[in-house]
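Worksheet: the structure to be examined is printed underneath.
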Amino acid sequence: MQSSPGANATKCKLALFESGHLLCGLDIIHVQEINKNIAVTVVHRVPEYVRGVINLRGEIVTVVDLRTKFGFAPLSLEAEAEIVIVRFGDENIGLLVDSVSDVVLADEKDIEPTPPNLAGVPGHFFKGIYKLEQSLVAILNIEELLAREFE
Amino acid sequence: MAFIDDDETLQSFKDESHEHLDGIENDLLAIEEAGADIDLELVNKVFRAMHSIKGGAGFLGLNAVKTLAHAAENLLNKIRNKELVPTTPVISSLLDAADLVNRLLNQPKGAVELDISGPLAALNSILAPGPDQTAAPGVSNAAKPGTPGEPAPWQALLAAHSAEIADSRMGGLGIFVLEYDRSADAEQPDLPAASKTTLESIGQIIGSQTGGSSASSPQPAYVLYSTMMDRDMLVSFAGLPQEMVHEILEEQAEPASAPPVPAVDPHPIPALAAEQSPSPALPAAPPPPKNVAADSSEQAKAGTDSSLRVNIRILDNLMTLAGELVLTRNQFLQIVHSSHLQIFDAVSQRFDLVTSELQEAIMSTRMQPVGNIFNKFKRVVRDLAHKLGKEIDLVLEGGEVEMDKTIIEALNDPLTHLVRNSVDHGIETPDKRTAAGKTPCGTLQLKAFHEGGQVIIEIIDDGGGIDTARIKEKVLSMGTHDKSVIEAMQEHELLRLIFLPGLSTAKEVTEVSGRGVGMDVVHANLSKVGGVFDIASKPGKGTTITIKLPLTLAIIPSLIVSVGAERYAIPQVNMVELVRVPASKVKERIERIDEALVIRLRGRLLPLISLAEALGIEKRYYQDRKTKQLKVCRRQMIEDRRSLTLPSGADSGNLTSAGSGVAAITEVNQENHENPDRRTSPQSAVNIVDGTDRRTSPQSAVNIVVVSVGKFHYGLIVDKLLDSEEIVVKPLGSHLRQSQLYAGATIQGDGRVALILDVVGISKFMNLSSGSVRVRDRGPQETARINPDAQTLLLVRNSPKEQLAIPLNLISRIEEIQRDQVELTGGRRNMQYRGSTLPLFSINEAAAVAPLQEDNSNLYVVVFPFGEREAGIMVSEVIDIVTVTDALDGITHKQPGIMGSVIIMKKITMLVDLFGIVATVMPEWISQTSLGTDSGQGQHILVVEDSPFFNRQICGFVSEAGYKAFSATDGIEGLALLEREKIDLILTDIEMPNMDGLEFTARVRADARWQGLPVIAVTSLSGDAAEKRGLKAGVNEYLVKLDREKVIQTINRYLKH
């Protein structure tokens, strides 16, 4: 690995996944596991962005639909979606994404501040933008994304 | 002295001290109650507890605690020596000190120590009048905190004779200081001559000394004695009390411990030693075991009821494991059930058993007696009563009833609040009470008991009661309710208003209560742990508050229901009954009153909520799944998929309709409009959810789960009733926790998640309250339509041609089983059921009716109680539940196992006699249950019943049981018979022409001749209200008409004694 002095401290691994037309990244520190084909039990009369709950080895985990959260049209249940389990406070939360694509090593100096509005999604959901060769990765701010909705 | 930096030691000291303190409070109160007539055992106990705390605190360098405990200990010593009468101020100061110690212990490490001067001064001021020798070290220590403790009074003696002591020790002898009380005669020499001779015979008196310099009496004499006897022997030999004999051990030889202390605790001596002379030469080790053994009898006694402390985290973990095990069991059972592998039977049974046992065992470790919190109310009530100038007698009952720790903890605050309320607002001051003609001393009762798998806690005061007029006034002034609504409310509804936030009926705000905060919080806290709340109050007489609580929260029995594709669990605690309205009856039984759906149920209108509507999921079935409009929410798409998996009768019918949800709803309306007589939408909602055409499908019956919210009941309409299961409650994530519709979630046998419904939340969410449907307005006329003799029957059949009926109120459950679950053992058919064997009967074993259909793979078992056990009747098919008012014919079809017949749905239907079947097939059971024909001894029983059928039935089985039955058809005839015959017991119907059972009973009771005569009401109507009326009229028991077994048992009970 070619590295400039002190670079290790500023690098992080990003898990990349797609939600709608947005390519998102999440520091893998937050990611517990990634699941496919888990039956989601729909819960009614709860905030729109909560798709339902799943049984994760005996734990009831809330599943948040990233698309709804971003204001996109929700993913149909037939679609092959994946659930990224993230640690949030003292619980696990599932993020419903279209697909998980890759893990990249990102240099923090290449991360740029988020514009206030990213493809129609409020900027505070993101920590920054990371440039890949061909595309841009919006790095999720889990705290903002999940905590904001407590009101 | 610095803190010892050992968190674990500190923590265990704190835990132990808390336990001591818990005990101290009650004991002190008991000591106070006993007054001068002290219970030495009790005082000693408190003394030792304080002493332990002092010791530990000294050891750990908690100086404030130590000083306080020390002062308290000295005071207790005086009480013990009968130098001080434990009056209220004395006990108060001790309680305050205990409180402060408690607070000090709860302080986080490193916090600024609380000021202890107040309580300390209080203790010392009581001690001050005459510091004497016995308590000398303590008193001086407490009076001048900070000065090192004075050494034992015989210290000088030891010092003077150190050489002799050393010699004796070399010779293997024990060194003792014997204390002689010289109070009787101060002129007496150091030692009675007789004692001296005795002692010299088996040891050596090294020296002696009279008490300290103080002139105050009593002055003990100390004798230094060396002997080969051990302490116990010496005690009996010298004829001295235990505490007067002090063994001087090597380590202690220099700084001796406080003299009058029986050394029970492992801490105190090293602690004191360490505190008094911090020289490193003195090891702070536990005292030698010998010292402890000296008081072994005491300890053994205390050990019998000691408890084990278990870290709650470990318990939580065990609980989770047990939960998992339960889930695995469910899964396993499902596999076994579906694949019919006989091999698995035994294994699964074992598995089932072990799981249940493990669960129970672990659960029991979490169970704690309610007494833990009850007892602290002695103090609360005492203090409050003093403060408010009231006299209150607190009566505690059922402190041994156990509940889950979580619930006990959650109960603490609400209960405190309620008790304070009762003391403050409920019970009046002595002069007011006297004026009202009551005893000046009020009574407050706290009761706990088990009832129906729940724990009931009652708080009963005999105070002034709650003034509903004032509540009205208050609520109106708050402006939150409409005047008309309030005016129309019944008493118990008004009472419930005290749970409104901000409401207080106290005329003035006192320190104790009355600020209008609290009752709403009480309600909220109790609801959280599944508690249900009720208030009954009589002005001038008092108030009774009833709290119903589940035993545990972790694993609860529930009913699984489904709406659409999703399954939900309803805790059985909340359930009252299940009602199925057949398609043909929907129109007649379910209707709409001002937007609200109601069902006619036994003469009352019960509000209904469609679960689908509450959860917002019903409209999807009108969704055109081809439309993917932008505004269409994700829900609809989910529903699209869901509808794919369903038989799509309703869907296909609407495929061409407009796409949006709004249009769909309109369509419902249109459709309703087109069919005005099908205006009731629960029907449509439910049938539609089934996905079948309601016009033709037999499934268009409506399933209703009647649930209770306190005294208020309502019905939840669901699609399907699936199963009853024990479920493990799992918490929901933070995003879902605010939803008031769900109480949690659980994982089912197939791994799917089912949400647990919160019936209270749902009723709130749907704005349903007892006032919302004006049921009462229609009450009387509704009731009038119902024939009081109406019987509710379960219709079953074995052959398509023959219809049978079983009285519903005799049945406990109906189970659908696989035919191969029936096992043939010992010539009898049985099945495994809820961990035991359920004997099975078929009706044709006793009666000449068609046998079970052989070709069905499954059959139904109607489970009914019989004596101590249960039995099941197998039938091929369950048809319906019907209420019949037509005359029952008790002659034409009467035969063993059949009690008569009735025409239902144009068919002659035979009434099954459950008792008769058992009596025919298993006659030995009857003798076992002491219901045999010889149980009666010819006593005379008057049967008052207007229906010829029931009259014959009852007379029949009363005679069979060996009694002589006299029959009357109404109250008037009954009275006439009473005049003529010598009657030992009356069985009477309630609803009768001419003179009904209530009036009849009242008249019987009014006549001096018959006052003591047992009167048993037998009726087909059941219900609290009816029962209460009956009991009020003087009825001894209230029984169901056809429950032959119970009726006979009850008669036997009354006539045998």
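Derivation of every value follows stated rules applied to the coordinates shown; laboratory data play no part. As the structure is a computational prediction, the values presented were derived from the model and not from experiment. Cβ sites come from the backbone with ideal geometry, for glycine too, and all protein chains shown count toward neighbours.
For a test of the definition: using alpha carbon positions, the gyration tensor, and the 1.5 limit on a/c, classify the range B:442-486 as rounded, prolate or oblate. Can you show the working numbers first?
On the way: a/c = 4.82, a/b = 1.91, b/c = 2.52.
Verdict is oblate for the range B:442-486.
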Flagged as over-length at 29 Å C-alpha distance, from B:Lys387/B:Lys438; B:Lys405/B:Lys472; B:Lys376/B:Lys438, the pairs are B:Lys405/B:Lys472
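Once you sort the root eigenvalues of the Cα gyration tensor of the range B:930-1056 as a ≥ b ≥ c, which label holds: rounded (a/c under 1.5), prolate (a/b larger than b/c) or oblate (the other case)?
Values: a/c = 1.41, a/b = 1.22, b/c = 1.15.
Because its axes are fairly even, with a/c under 1.5, the range B:930-1056 counts as rounded.
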Per principal axis, largest first, the Cα atoms of the range B:787-926 extend in Å by 42, 33, 25
Expressed as a whole number, the average count of other chain Cβ atoms within 10 Å around the Cβ atoms of B:561-568 is 1
For B:Lys1028, counting only lysines whose alpha-carbon sits under 16 Å away and dropping same-chain residues fewer than eight positions off, the answer is B:Lys711
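Of all trypsin sites (Lys or Arg not before Pro) in the range B:807-902, which ones are in loop regions per DSSP and have a Cβ with at most 13 other Cβ atoms within 10 Å?
Working: sites: B:Arg813, B:Arg819, B:Arg828, B:Arg829, B:Arg834, B:Arg869, B:Lys894; in loops: B:Arg834, B:Lys894.
Loop-located and lightly packed - B:Arg834.
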Across A:51-61, the residue-averaged tally of Cβ atoms belonging to other chains within 10 Å stands at 6
Short to long, in 10 Å steps from zero, the percent of alpha-carbon pairs of the range B:370-550 per bin is 9, 38, 37, 15, 1
For B:Lys801, the lysines lying under 20 Å Cα to Cα, once residues fewer than eight places off in the same chain are dropped, come out as B:Lys894, B:Lys906, B:Lys907
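For B:Arg869 and B:Thr892 in the same chain, what is the full-extension length gain: residue separation times 0.36 nm, less their Cα-Cα distance, in nm? Don't skip to the answer; put the middle values down first.
Working: separation 23, 0.36 × 23 = 8.28 nm, distance 3.19 nm.
Result for the pair: 5.1 nm of gain on full extension.
Of the peptides A:62-74, B:573-585, how do they stack up when ordered by the mean number of other Cβ atoms within 10 Å, highest first?
Details: A:62-74: 21.5, B:573-585: 16.8.
The most tightly packed comes first, giving A:62-74, B:573-585.
Hey, which of these cross-link pairs are over 31 Å Cα-Cα: A:Lys69/A:Lys109; B:Lys474/B:Lys548; B:Lys54/B:Lys548; B:Lys390/B:Lys538; B:Lys54/B:Lys82; B:Lys45/B:Lys548? Please report the intermediate quantities before stating the final value.
On the way: A:Lys69/A:Lys109 28 Å; B:Lys474/B:Lys548 28 Å; B:Lys54/B:Lys548 41 Å; B:Lys390/B:Lys538 20 Å; B:Lys54/B:Lys82 22 Å; B:Lys45/B:Lys548 36 Å.
Cα-Cα > 31 Å for B:Lys54/B:Lys548; B:Lys45/B:Lys548; rest within.
Determine the percent antiparallel among the DSSP beta bridges restricted to the range B:930-1056, to the nearest 5. Walk me through the numbers on the way to the answer.
Values: 0 of 16 bridges.
That works out to approximately 0 percent antiparallel.
Summarise the partner chain shielding of A:62-68 as one whole number: the mean count of Cβ atoms from other chains within 10 Å of each residue's Cβ. Write out the running numbers ahead of the final one.
Working: counts 6, 2, 2, 1, 0, 1, 2.
Going residue by residue through A:62-68 and averaging, the value is 2.
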